[in-house]
Amino acid sequence: MQNKVITIGEILWDVFPEGKKAGGSSMNVALNLHKQSVDSSFISAVGDDDNGKELLDYLASNDFPTDLIQVNAELPTSTVVVQLDEKHQATYTIKQPVAWDDIQLTDNIIEAVKQADALVYCSLTCREEKSRETILSLLAYAKTKVFDINLRAPFYQKELITELLAHADILKINEDEIVWVRDTFDLSGNNDEQILKQLCSQFNIEVICLTLGDKGACVLKDGKLFKHAGYKVQVADTVGAGDAFLATFIACYLQGYPMETTLDNACKVGAFVASQAGANPEYNKKIYHMALG
């Protein structure tokens, strides 16, 4: 039986110096799941404006359903200014408030979450009260809760992250975020494995994925650490690479692949996306089965 995954969060335009590209970590995860033949849906909101219409058209052009995306008559569609440093690492200026700050809890999205195998959520979408309340309400209905911590300054604080971690069955976190979590929650480990084990224990998390940039990734599950050195590519930009990693991990994990295979596939697709411009380059499942050049 095909797995069904619901993602809730940001939909936006990433504005680069050369122009805008459709993005938002939550939308990126949903689109990557869709590309990998997972039955995926996306809960979010756009403004009643040209940017919003263009995003809905973009999703429709990718044969992605838009029935759970709300149209907000009061708030604009989200835009984010992206700046790349000399290593092609991205920083973001995220405007506020925008339509996805005001996602309403409705009967149809509750029913969609009830029917899904997993719900993917992140901290950024919880920066305003309405969307935060909606996400916390939906977590009560989710079978498997996947938390992409997605820390974006200044839109997080200890109290919020504590609450969101407490719900997580699966956590995805990167090498910078783990430092903040270690210091904020007084974790005393001397290496990644020790820190992840303490985090698992403190918040009763089943699986933690730690992405390490060009150094690959590791996964802690059932007290065992799985490591992958990653794939070396010429980086175009890092926008969306972690989202592609997470989507691939979820797709393989729900299908019951061995953890080594799951981690390898996730690193492979994440590296491919980093080698391309923008968050959502075209690819197909052949990426799983070929070495990246």
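Here are some notes:
- Qualifying lysines (Cα of each under 17 Å from Cα of Lys143; at least 8 residues distant if same chain): Lys4, Lys114
- Residue pairs exceeding 22 angstrom between C-alpha atoms, taken from Lys145/Lys221; Lys20/Lys268; Lys87/Lys232; Lys130/Lys158; Lys20/Lys158: Lys20/Lys268; Lys20/Lys158.
- For the pair Asp67 and Asn204, the difference between a 0.36 nm per residue extended length and the Cα-Cα distance amounts to 45.9 nm.
- Taking Cα centre as origin and charging only the Cβ of basic (Lys, Arg, +1) and acidic (Asp, Glu, -1) residues, the dipole magnitude of the range 4-289 rounds to 880 debye.
- At an R0 of 30 angstrom, the distance between the Cβ atoms of Glu193 and Thr79 translates into a FRET efficiency of 0.15.
- Of the residues Ser40, Tyr257, Phe245, the one whose Cα sits farthest towards the positive end of the charge dipole of the chain is Tyr257 (charges of +1 on Lys and Arg Cβ, -1 on Asp and Glu Cβ, taken about the Cα centre).
- The magnitude of the dipole of the range 221-276, with charges of +1 and -1 set on the Cβ of Lys/Arg and Asp/Glu and taken from the Cα centre, is near 160 debye.
- Only the Cβ atoms of Lys and Arg (+1) and of Asp and Glu (-1) were treated as charged; on that basis the dipole of the range 126-213 about its Cα centre amounts to roughly 240 debye.
- Each stretch of four or more DSSP H residues adds -39500 (n - 2.57); spread over every residue of the chain, this sum gives -11000 deg cm²/dmol at 222 nm.
- For Cys267, Cys218, the sequence from fewest to most other C-beta atoms within 10 Å is Cys218, Cys267.
- Charge context of Cys126, other residues only, Cβ under 14 angstrom, K/R +1, D/E -1: -3
- Low-density loop positions, trypsin sites (Lys or Arg not before Pro), the range 190-241 - DSSP coil, at most 13 other Cβ in 10 Å: Lys232
- Maximal additional length on extending the Lys158-Glu175 stretch stands at 4.3 nm, based on 0.36 nm per residue less the C-alpha distance.
Here, each number is a calculation from the coordinates, and none is a lab measurement. Since the structure is predicted, the reported quantities are computational estimates derived from the model, not experimental observations. Neighbour counts run over all protein chains shown; Cβ positions are idealised from the backbone, glycine included.
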